[in-house]
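To start, the structure itself, in structure tokens.
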Amino acid sequence: MERVIYLAGGCFWGLEKAFQALNGVKDTEVGYANGNIKDPTYELVKTNTTSFRETVKIIYDDEIISLDKILKAFFICIDPTQNDGQKHDIGSQYLTGVYYTDDSDEEVIREYFLEERKKHPEFYTEYKKLENFYTAEEYHQDYLIKNPGGYCHISKREYEEVRKLNEE
């Protein structure tokens, strides 16, 4: 069955690329989640005044990939101990989070987070119900496919770890 989850993990270009490599992910779309204005633009989001997170909307087939495996891939790609962004991307738009629309996902996410928190002395990744989501400008969509040499905070090793999840 087709499902959806929203993941904020630093710059959305790299996170989108990571999830496009997973079997069962049907589509991805980058955008801005859980902010405080209508119809944000990248220029507004990067001012750190809108509360929006750069987020990837992930549409997946839960008969091929589980939400647990998606969360596992997400935590491969992020550092939940960084409270001001991800790696060199600093600012509120780069904070990490998992946002759900289906209440039945909350228990799976909560249980996963309980286990993940045990691994880290500090933990700043949030999870909560999605409040809003606005699709980012077209040039941001599939950015690293269109610009293979483009910047990404996710390392080659982390991409490979995500791809290996297809073998599990």
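Throughout, read-outs are computed from the coordinates displayed, never taken from laboratory work. Bear in mind the structure is a predicted one, so any value in this text is a computation, not a measurement. Please note: Cβ atoms are built from the backbone with ideal geometry, for glycine as well, and neighbour counts cover all protein chains shown.
With a cut-off of at most 10 other beta carbons within 10 Å, and DSSP calling the residue loop, which trypsin sites (Lys or Arg not before Pro) in segment 5-40 qualify? Please list them.
Working: sites: Lys17, Lys26, Lys38; in loops: Lys38.
Qualifying residues, ordered by number: Lys38.
Would you order Asp39, Asp79 from fewest to most other beta-carbon atoms within 10 Å of each residue's own beta-carbon?
Fewest to most other Cβ atoms nearby, the residues stand as Asp39, Asp79.
Run the numbers for Asn83 and Arg117: contour at 0.36 nm per residue of separation, minus the present Cα-Cα distance, in nm.
Gain on stretching Asn83 to Arg117: 10.8 nm.
Which whole-Hz couplings ³J(HN,Hα) result when phi for each residue of segment 118-127 is put into the Karplus expression 6.51 cos²θ - 1.76 cosθ + 1.60, θ = phi - 60°, listed in order with x for Gly and Pro?
5, 7, 9, x, 10, 8, 10, 7, 9, 9
Greater than 29 Å separation of Cα atoms is the criterion. Which listed pairs, Lys17/Lys87; Lys38/Lys69; Lys46/Lys128; Lys129/Lys156, meet it?
Over 29 Å Cα-Cα: Lys38/Lys69; Lys129/Lys156.
Please report the relative contact order for the chain, taking Cα pairs under 8 Å with a sequence separation of at least 6, and give it as a percent rounded to a whole number.
34
Based on alpha-carbon centroids, what's the gap between segment 108-163 and segment 14-69 in Å, whole number please?
8
Please report the base-10 log of the normalised intensity I(q)/I(0) for the chain, using a Debye sum with one equal scatterer per alpha carbon and no solvent, at each q in 0.08, 0.10, 0.16, 0.17 (1/Å).
Debye curve over Cα of the chain, log10 I(q)/I(0) at q = 0.08, 0.10, 0.16, 0.17 Å⁻¹: -0.21, -0.33, -0.90, -1.03.
Each residue of segment 72-86 in order: what ³J(HN,Hα) in whole Hz does its phi give by Karplus 6.51 cos²θ - 1.76 cosθ + 1.60, θ = phi - 60°, with x for Gly and Pro?
Computed from phi, the couplings for segment 72-86 are 4, 4, 4, 6, 5, 8, 10, 10, x, 8, 8, 9, 10, x, 9 Hz.
Output wanted: per-residue J couplings in Hz (rounded whole) for segment 42-50, from phi through Karplus 6.51 cos²θ - 1.76 cosθ + 1.60, θ = phi - 60°, x for Gly and Pro.
Each residue of segment 42-50 in turn: 4, 4, 6, 4, 6, 7, 6, 10, 10 Hz.
Report the charge-dipole magnitude of segment 1-158 in Debye, nearest 20, computed about the Cα centre from +1 at each Lys and Arg Cβ and -1 at each Asp and Glu Cβ.
Details: 19 positive and 29 negative charges, 111 e Å.
Dipole about the Cα centre, nearest 20: 540 debye.
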